[in-house]
1. Residues to consider are V227, V269; find the one that is within 13 Å of A122 (Cα to Cα) and among the β-branched types (V, I, T).
2. Which residues, taken from segment 199-222, are closer than 16 Å to E111 by Cβ and out of contact with any helix residue (DSSP H, G or I) (no Cβ under 6 Å at 6 or more places or on another chain)?
3. Among the residues of segment 226-273, what is the count of those that are without any contact (Cβ under 8 Å) to a residue 24 or more places away in the chain and buried (at least 23 other Cβ atoms within 10 Å of the Cβ)?
4. For segment 42-84, name all the residues that are free of Cβ contacts under 8 Å to residues at least 24 places away in the same chain, closer than 13 Å to A103 by Cβ and not aliphatic (A, V, I, L, M).
5. Failed condition for A157, given (1) touching a residue at least 24 places away in the same chain (Cβ under 8 Å); (2) on the phi > 0 side of the Ramachandran plot, with all others met?
6. Would you check if there is a residue in segment 198-219 being touching an Asp or Glu at 6+ places or on another chain (Cβ under 6 Å), surrounded by 22 or more Cβ atoms within 10 Å (Cβ to Cβ) and not hydroxyl-bearing (S, T, Y)?
7. Counting just the residues of segment 73-105 that are of a type in the set (D, E, K, R) and within 20 Å of D24 (Cβ to Cβ), which one comes out farthest from the chain's Cα centre (by Cα)?
8. State which residue is surrounded by the most Cβ atoms within 10 Å (Cβ to Cβ) when the search covers only segment 41-62 and only residues that are at pLDDT 95 or above and hydrophobic (A, V, I, L, M, F, W, C).
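The values are calculated or read from the model by the stated rules, or taken from the named source; none is laboratory data. Only a predicted model underlies this, so the values are computations on that prediction, with no experimental measurement involved. Here the Cβ positions follow ideal geometry from the backbone for every residue, glycine too, while neighbour counts run over all protein chains shown.
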Amino acid sequence: MTTRDTEQARAAAYRAAYDEQMRDRGFAPDTPDTERVGPVLRRTLPAQGGLILYRDLGGLDGAELDAFIAAQRDHFAARGLPVEWKYHGHDLPADLPDRLAAAGFVPGERETVVIGEAAEIAGPPGGAPLPEGVRLREVTGRADFDRIGELAATVWADDRSWLAPAMEEWVAGRDGDPCTVTVAESLAGEVVSAAWMRFHQGTAFASLWGGSTLPNWRGKGVYRALVAHRAALAVARGFRYVQVDALETSRPILNRLGLVSAATTVPYVWRPSGEAPEGV
C-alpha cells in the first residue's frame with residue numbers, strides 16, 4: 001500500500017467515526033433547545049439563529065426532500081431567525097446543494113473537517129514550545145471572556161458581542177458538552193490569541209474552536225502551542241480524537257501538525273429578508 005493509499009484509508013476511517021459519533025448527535029441532542037425532526041437535529045440558538053445537523057437524510061429525495069427543506073426554513077422564518085444547514089461534501093443526494101439553493105439557502109465559505117489522534121497532536125510532555133514572552137492560561141470568568149470577544153472583533157472586524165455571554169454558558173455547562181477556554185497572553189497581560197474546546201460526551205471526540213491571533217503575533221508558534229495544549233487536555237480526559245472545522249487559513253497548519261483532512265463542509269444559510277449577512 002502506498003503512502004497516499006494509507007492516508008486515504010486513514011481519512012476514510014476518521015470520516016466514518018466522525019459521521020457515526022458526531023453528526024447524528026450534534027452537540028447536545030438532549031438539551032431543551034435541540035429537537036429531532038425526522039432525520040435531522042434542529043437546534044435553536046436565540047442569540048444567533050438555527051442550526052440543522054444530521055448524520056444522513058435517511059433516503060429523502062426529490063419533492064419529499066424539497067418539502068422537508070422548506071419546512072425547516074419556514075420553522076425559523078416564523079421566528080424571525082436565520083438558519084444554517086450544515087452540509088458535508090459526501091452527503092446524499094448529490095444534488096442537495098442545488099435543492100438548498102432553490103429554497104433560498106446561500107452557501108458560505110467551505111471548511112475542511114480535519115481529525116487527528118489527540119496523543120500524537122499533543123506531542124511530547126509540555127507540548128509545543130511557546131514564543132518568548134507568551135503564556136497560556138485557562139480562563140473561566142466574564143472579564144476574560146470580554147477580552148476574548150474584543151480580540152475576535154479586532155481580528156475579524158465584525159460584531160462578536162455574542163461571544164462572551166456564550167462562553168459563560170459553555171463553561172458553566174449550561175450548553176451541553178463541557179468546555180475549556182484558553183488564552184495566550186503576553187507577559188504584559190495582552191490577549192494575543194484565544195481558543196476553546198468541547199469534550200463531546202459519549203464519543204471519542206474533542207473539538208477545537210477559535211485560535212484567532214493578533215496579526216503581529218502570527219507565525220510565532222502561538223496557534224500551534226494552543227492546538228498541542230488542547231490535545232493534551234483531550235488525552236487527559238480520555239478522548240482519542242481532536243477535530244477542527246478548519247478554514248483555509250488554518251487547514252495547512254493543522255495538516256502539518258498531523259490532523260488529516262477527512263471531509264468538507266459548507267454552511268448553507270437562510271436569512272430573514274433584510275437581515276445583514278453575518279454568520280449564524
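1. Sole residue among the options that is within 13 Å of A122 (Cα to Cα) and among the β-branched types (V, I, T): V227.
2. Hits for segment 199-222 are S207, W209, G210.
3. Qualifying residue count for the region: 0.
4. Passing the criteria: only D74.
5. Failing condition for A157: (1).
6. Among the residues of segment 198-219, at least one is touching an Asp or Glu at 6+ places or on another chain (Cβ under 6 Å), surrounded by 22 or more Cβ atoms within 10 Å (Cβ to Cβ) and not hydroxyl-bearing (S, T, Y), which makes the answer yes.
7. Going through segment 73-105, the residues of a type in the set (D, E, K, R) turn out to be 73-74, 79, 84, 86, 91, 95, 98-99.
Checking which are within 20 Å of D24 (Cβ to Cβ) leaves us with 84, 86, 91.
Working: E84: 13, K86: 11, D91: 18 Å.
This residue is D91.
8. Ranking the candidates gives I52 first.
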